[in-house]
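Asker: Sharing a structure, written as structure tokens. Questions coming.
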Amino acid sequence: MAVSLVASCSDPLGPEQEALDRNLARWRRLAPAHYSYRYHLQCFCGPALTRPMILVVRDGEVAGATYVETGEPVDQPVLLWLPTVEGLFERIREAIDQEAEVLVVEYDEEFGYPTLASVDISRMIADEEYSFTASQLEPLDSE
């Protein structure tokens, strides 16, 4: 179950920021050092980034990823663009700081990580909006 936030970000210290801070604190308290999660980005940024993936994060870095539909590994240059859960929080913070006209965010109730974000910085600009989903977070062994 998730907590939803739908807002126009006219006040960067408003409820959007409070929800981000509360969930980021929960994540930092409970986050495993190593984990995997399913990530799907939707944007005008090319198919290598927009195919659903399973990301593996070790010690705060994306260590690898595979495409969900094929199981093929994601190429090394693409890995540089993939976010850890901390990176997902950063994207939301940037949207708040930019006073996005549309910001919809849902957070995982257990770990606090963002499970959905939809961002449109300006309705007057085409192709800068994006959304992502994150799900199926699984702690991994330290090996």
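The values are calculated or read from the model by the stated rules, or taken from the named source; none is laboratory data. In this text the structure is predicted, and so the values were computed from the model without any measurement. Please note: Cβ atoms are built from the backbone with ideal geometry, for glycine as well, and neighbour counts cover all protein chains shown. Please note that ligands, DNA and RNA were not included when accessible areas were found on the heavy atoms of the full protein model with its side chains. Shrake-Rupley method; radii C 1.70, N 1.55, O 1.52, S 1.80 Å.
Asker: Please calculate how many Å² of accessible area the stretch 51-118 carries per residue, with a 1.4 Å probe and no DNA, RNA or ligand atoms counted.
Answerer: For the stretch 51-118, the per-residue accessible area is 48 Å².
Asker: I'd like the Karplus ³J(HN,Hα) series for the stretch 21-26: coefficients 6.51, -1.76, 1.60, θ = phi - 60°, whole numbers in Hz, and an x wherever there's a Gly or Pro.
Answerer: Coupling constants for the stretch 21-26: 4, 5, 6, 5, 4, 4 Hz.
Asker: Please list 3J(HN,Hα) in residue order for the stretch 100-105, calculated via the Karplus relation 6.51 cos²θ - 1.76 cosθ + 1.60 where θ = phi - 60°; whole Hz, with x for glycine and proline.
Answerer: Values per residue, Gly and Pro as x: 3, 5, 10, 9, 10, 9 Hz.
Asker: Let me ask you something else. Where Lys and Arg each count +1 and Asp and Glu each count -1, what net charge lies around Tyr113 among other residues with Cβ under 11 Å from its Cβ?
Answerer: Within the 11 Å Cβ shell, the charges total -3.
Asker: Tell me which residues come under 5 Å, amide H to amide H, from Ser36 once H is placed; ignore anything under 5 positions away on its chain.
Answerer: Placed amide hydrogens put Val57, Glu138, Leu140 under 5 Å from Ser36.
Asker: Something else: Report, as a whole number in µm² per second, the diffusion coefficient that Stokes-Einstein gives for the chain at 25 °C and 0.890 mPa s using the Kirkwood radius over alpha carbon pairs.
Answerer: So the translational diffusion coefficient is about 158 µm²/s.
Asker: Moving on. Roughly to the nearest percent, how much of the accessible area of the stretch 13-143 is carbon and sulfur, given a 1.4 Å probe?
Answerer: The value for the stretch 13-143 is 51 percent carbon and sulfur by accessible area.
Asker: Would you work out which of Ser135, Pro32, Leu79 lies farthest towards the positive end of the dipole of the chain? Charges go on Cβ: Lys and Arg +1, Asp and Glu -1.
Answerer: Checking the options against the dipole of the chain, the answer is Pro32.
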